[in-house]
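Encoded as structure tokens, the structure appears first; notes follow it.
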Amino acid sequence: MSTITTAAPPGDGTLSDGASNHKMRWWILAVLGVAQLMVILDNTIVNIALPTAQHDLGFSNADRQWIVTAYSLAFGSLLLLGGRIGDIIGRKRALLIGLIGFAVASAIGGAAVNFTMLVCARTVQGAFGALLAPSVLALLTTTFSDPAERGKAFGIYGGIAGAGGAIGLLLGGILTSYASWRWTLFVNLAFAAIAATGALLWLKNDRAADHDPLDMAGLTLVTGGLFSLVFGLSHAETTAWSDPYTIGFLMLGAVLLATFAFFETRAKYPLLPLRIVLDRTRGGSMLAMLFASIGIFGVFLFLTYYLQGTLGFSPVKTGVAFLPMVAALATMAQVSNRVLLPKFGPKPIVPIGLLCAAGAMYGLHLVGLHSAYASHVLPYIILLGFGFGLSLAPSFSTGTLGLAPHDAGVGSASLNTSQQVGGSIGTALLNTLAAGAAAAYLAGRAFTPANLKTAALHSYTTAFGWSALIFVVGAVVAGLVLRRGDMRELGTPEPHVVRL
């Protein structure tokens, strides 16, 4: 057995994307922020419109889940390919292709006349989103290399990424209530037009950052593995964890991903070089993102159910109720990235942020049928915003820290994959736990309106409690894995020992 020490290779001496885009960097940040907001919004804005779309197009409850699943499957399984394509063809081209494709798919979905047309449009949306999201983060990484400016830029980006789900709830409620469910898709045309125009005006034509041959074997393994994993989790949500298809796809996904990891240690031109994920700063940030994304599902879905189903809020009022969390997150994202992260590094602040989120979810776990929003919900969602601002926003910055230009695309895709897989796990896991809690409460009780309402509340608070535990586990894992040091120290690649 031999050992090889690897580190990120040096740059090739050519003008980087960041250098060529430096002059217009703040305008570029605005473009990237709009593009990222469009992708993040799509995770929640369409969910609000699903009941109305189902009534309009006449599809079943079983089919309804596929409107969400089709997007998740395409997006989650193709992210690493999307990041690699951006490295090969140039990120500006990848960004523009992603924006145009996403907009066209959104227009087709908004004009859908039946279920098949809508689900196909959502699948195409997910595919172009998988090209778009890594390009956005890679361009941000290469454009902002100065530590002080990087903190400000990633604070804004992290705020958008963390708050986008809540903004989607508000915008989805407004559009569905006062216009049509179709506008939850048509609105993407405006976002894409603004971002594409800005990209054409301010982004320079960047050279391809990577000319290595495409790792087709690795691509097949990881795409198949991620597809099987996301599909298995989605199937568990609609059936059961013991369902043969659920078990089969989860096992297949695990085997394919394990084979991919083994294969990448021996591939001449690996799709995902080990230097990207074995760096403790980047790897720890990806793990923090994974756990945070699992837990955050309990916030947006079950808190929405609680506000609407138990407290009687309208969709628009529910969206407004999330705005204090958005404000807290945006504020703390700037403080953490510009003040705390450069001084202390991610090791203390990311775990503290996850623990704040855990405390907030435990507080929400105590709500009742007649709890007041101002006293029993508002303080905790503000604390939740602070927690996300301390954990999610810095993770975007440190998860791409120290990447060489030719690794930026696939490194960004890896971080996005952690977020997407975490959301899929959270969707399946927390839905199952909540449904089990409701069924356990109703066992032996009459199905009266009062009992049904109490059972629903029990399912929400169970999800909140498990979310709190997930955040605690994430804090422990991040605290153990992340390296000590400030951003300048951590930006220097650490050597890794790979056993062959």
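The values are calculated or read from the model by the stated rules, or taken from the named source; none is laboratory data. The structure presented is a predicted model; accordingly, all values stated were derived computationally and were not measured. Reconstructed Cβ throughout: ideal geometry from the backbone, glycine too, with neighbour counts over all protein chains shown. Heads up: the accessible areas ignore ligands, DNA and RNA and are worked out on the full protein's heavy atoms, side chains in. Shrake-Rupley method; radii C 1.70, N 1.55, O 1.52, S 1.80 Å.
Candidates in segment 218-238 are the residues that are out of contact with any Ser or Thr (no Cβ under 6 Å at 6 or more places or on another chain) and of a type in the set (V, I, T); of these, the one that is surrounded by the fewest Cβ atoms within 10 Å (Cβ to Cβ) is T220. Could you tell me whether L415 is part of a helix (DSSP H, G or I), in contact (Cβ under 8 Å) with a residue 24 or more places away in the chain, open to solvent by less than 60 Å² (accessible area, probe 1.4 Å) and within 19 Å of L303 (Cβ to Cβ)? Spelling it out, it is not the case that L415 is part of a helix (DSSP H, G or I), in contact (Cβ under 8 Å) with a residue 24 or more places away in the chain, open to solvent by less than 60 Å² (accessible area, probe 1.4 Å) and within 19 Å of L303 (Cβ to Cβ). Evaluation of L383 against the conditions (1) open to solvent by 20 Å² or more (accessible area, probe 1.4 Å); (2) modelled with pLDDT of 90 or more; (3) among the aliphatic types (A, V, I, L, M); (4) more than 23 Å from M325 (Cα to Cα) shows that the sole unmet condition is (4). Any residue that is touching a Gly at 6+ places or on another chain (Cβ under 7 Å) and free of Cβ contacts under 8 Å to residues at least 60 places away in the same chain - is there at least one of those in segment 131-142? Yes, there is a match, as at least one residue in segment 131-142 is touching a Gly at 6+ places or on another chain (Cβ under 7 Å) and free of Cβ contacts under 8 Å to residues at least 60 places away in the same chain.
Tell me which residues, restricted to segment 217-261, are among the aromatic types (F, W, Y) and under 23 Å from V68 (Cβ atoms).
Scanning segment 217-261 gives F227, F231, W241, Y245, F249.
Residues in segment 179-200 that are in contact (Cβ under 8 Å) with a residue 40 or more places away in the chain and open to solvent by 60 Å² or more (accessible area, probe 1.4 Å): W183, L189, I194, L200.
Checking R25, R64 one by one, the residue that is in contact (Cβ under 8 Å) with a residue 24 or more places away in the chain and of a type in the set (K, R) is R25 and no other. Taken over segment 37-56, the criterion of being in contact (Cβ under 8 Å) with a residue 12 or more places away in the chain, open to solvent by less than 30 Å² (accessible area, probe 1.4 Å) and over 17 Å from G164 (Cα atoms) is satisfied by L50, A53. Looking at this structure, is L169 part of a helix (DSSP H, G or I) and modelled with pLDDT of 85 or more? So L169 does not fit the description; no.
If we keep just the residues of segment 302-336 that are touching a Ser or Thr at 6+ places or on another chain (Cβ under 8 Å) and at pLDDT below 90, which is nearest to A468 (Cα to Cα)?
The residue in question is F302.
With respect to the conditions (1) among the small types (G, A, S); (2) touching a residue at least 40 places away in the same chain (Cβ under 8 Å); (3) in a helix (DSSP H, G or I); (4) farther than 28 Å from Y305 by Cα, S145 falls short on a single one, namely (3).
Residues are listed down the side, and each one gets a yes or a no for (1) open to solvent by 20 Å² or more (accessible area, probe 1.4 Å); (2) touching a strand residue (DSSP E or B) at 6+ places or on another chain (Cβ under 6 Å); (3) polar (S, T, N, Q):
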site	(1), (2), (3)
Q65	yes, no, yes
S77	no, no, yes
R84	no, no, no
F102	no, no, no
A105	no, no, no
G109	no, no, no
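Only one of G283, G225, G248 is small (G, A, S), farther than 30 Å from M487 by Cβ and in contact (Cβ under 8 Å) with a residue 24 or more places away in the chain; which? Selected residue: G225, the only one of G283, G225, G248 that is small (G, A, S), farther than 30 Å from M487 by Cβ and in contact (Cβ under 8 Å) with a residue 24 or more places away in the chain.
Cβ-Cβ distances below 9 Å connect the following pairs, each with a first residue in segment 427-450 that is touching a residue at least 60 places away in the same chain (Cβ under 8 Å), a second residue that is surrounded by 15 or more Cβ atoms within 10 Å (Cβ to Cβ) and acidic (D, E), and a separation of six or more residues or different chains: T427/E237; A428/E237; L429/E237; N431/E237; T432/E237.
Going by the conditions given, is A374 surrounded by 21 or more Cβ atoms within 10 Å (Cβ to Cβ), not in a loop (DSSP other than H, G, I, E, B) and not β-branched (V, I, T)? Here the answer is no, as A374 does not meet what is asked.
Have a look at I276, I294 and point out the one that is under 24 Å from A428 (Cα atoms), touching a helix residue (DSSP H, G or I) at 6+ places or on another chain (Cβ under 9 Å) and either crowded, with 17+ Cβ neighbours inside 10 Å or touching a residue at least 60 places away in the same chain (Cβ under 8 Å) (or both).
I294
Restricting the first member to segment 91-115 and to residues that are closer than 24 Å to A53 by Cα and touching a residue at least 12 places away in the same chain (Cβ under 8 Å), and the second to residues that are open to solvent by 10 Å² or more (accessible area, probe 1.4 Å) and among the charged types (D, E, K, R), the beta-carbon pairs closer than 7 Å and six or more apart or on different chains are G110/R182; F115/D63.
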